[in-house]
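Chemist: Would you mind keeping the following structure in view while I ask a few things?
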Amino acid sequence: MLNNCKIYIIGMMGTGKTTIGKILSDNLGFNFFDTDQIIDSESYLKKNSLEKFRKQETTVLKKLDSKNMNSIISTGGGVIESIRNREILKKNFCIHMLADINTIAFRINKHKIYRPLVVKKKDGKIDTKNLLNMYNTRKKYYRELESLAIITDNKKTEDIVIEIKEKLIQYGIIS
């Protein structure tokens, strides 16, 4: 296993980044960090602009990237929109979590998590057209940064973790 190994999980909201990241980090004995939880993105976005939030994301990403420890880092879906963030991510192994737009909308509605970029009001309905436009804008960056792409539709969490671990061994990231 590599020392000071950083594995970033990127992808749209609702693809399972946090859920899989927590389980994978426990499984590998890595530290787990979630940039959205560190920033408390829901509260932060209520009080601050999206631009200020993106700058805060960069600050958190730089700090996490400088830590000398094996880490799984789940990122916010839009982290890839900043060139500074892409530069950090590019140096590391990135797992791109993918799911169908309808699956993402279902998961967001099911967990009743307020997502201000795709839901106009708390407990409101997901704007799937906006969600799809957001994905289409971000897709090229996700693809550019991905070291590994994992489709999460219709799969059990355990199966996704096993699939990722097998790929990490295959790529020589872990042993």
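No lab work stands behind these numbers, since they all come straight from the coordinates. Owing to the predicted nature of the structure, the values given are computational and were not obtained by experimental measurement. Reconstructed Cβ throughout: ideal geometry from the backbone, glycine too, with neighbour counts over all protein chains shown.
Chemist: By how many nm would the segment from residue 49 to residue 166 lengthen if fully extended, with 0.36 nm per residue of separation less the alpha-carbon distance?
Modeler: On the way: separation 117, 0.36 × 117 = 42.12 nm, distance 4.02 nm.
Additional length available on full extension: 38.1 nm.
Chemist: Which entry in [x] 9.3; [y] 12.2; [z] 15.3 is this structure's computed mean projected area of the Cα convex hull in nm²?
Modeler: [x]
Chemist: Quick one: which residues, 5 or more positions from residue 70 or on another chain, have an amide H under 5 Å from its amide H? H modelled 1.01 Å from N in the peptide plane, none for Pro or chain starts.
Modeler: Long-range HN contacts for residue 70: 4, 5, 31.
Chemist: Then there's this: Summing +1 for each Lys or Arg and -1 for each Asp or Glu, what net charge is found among the other residues whose Cβ lies under 12 Å from the Cβ of residue 152?
Modeler: Details: positive: 17, 107, 155, 156; negative: 100, 153, 159, 163.
Here the charged neighbours net out to 0.
Chemist: Another one. Sort the following peptides by mean Cβ neighbour count (other Cβ atoms within 10 Å, averaged over residues), highest first: 48-55, 22-29. The partial results should precede the final answer.
Modeler: On the way: 48-55: 13.0, 22-29: 16.5.
The packing order, highest mean first, is 22-29, 48-55.
Chemist: Using label points projected 7 Å from each Cα along Cα→Cβ, tell me how many nm separate residue 40 and residue 136, to one decimal.
Modeler: 3.7 nm
Chemist: Per DSSP H run of at least 4 residues, take -39500 (n - 2.57); add these up for the chain, divide by its residues and hand me the 222 nm value, nearest 500 deg cm²/dmol. Could the numbers behind the result be given before it?
Modeler: Working: 8 runs with 92 residues, N = 175.
Helices in the chain give a 222 nm mean residue ellipticity of -16000 deg cm²/dmol.
Chemist: When the chain is fully extended, how far beyond the present Cα-Cα distance does residue 106 get from residue 84, taking 0.36 nm per residue of separation?
Modeler: Extra length from residue 106 to residue 84 when fully extended: 4.8 nm.
Chemist: Just to confirm the number: angle between the C-alpha axis of helix 17-28 and the first principal axis of the chain, 0 to 90 degrees, nearest 10?
Modeler: It works out to around 20 degrees.
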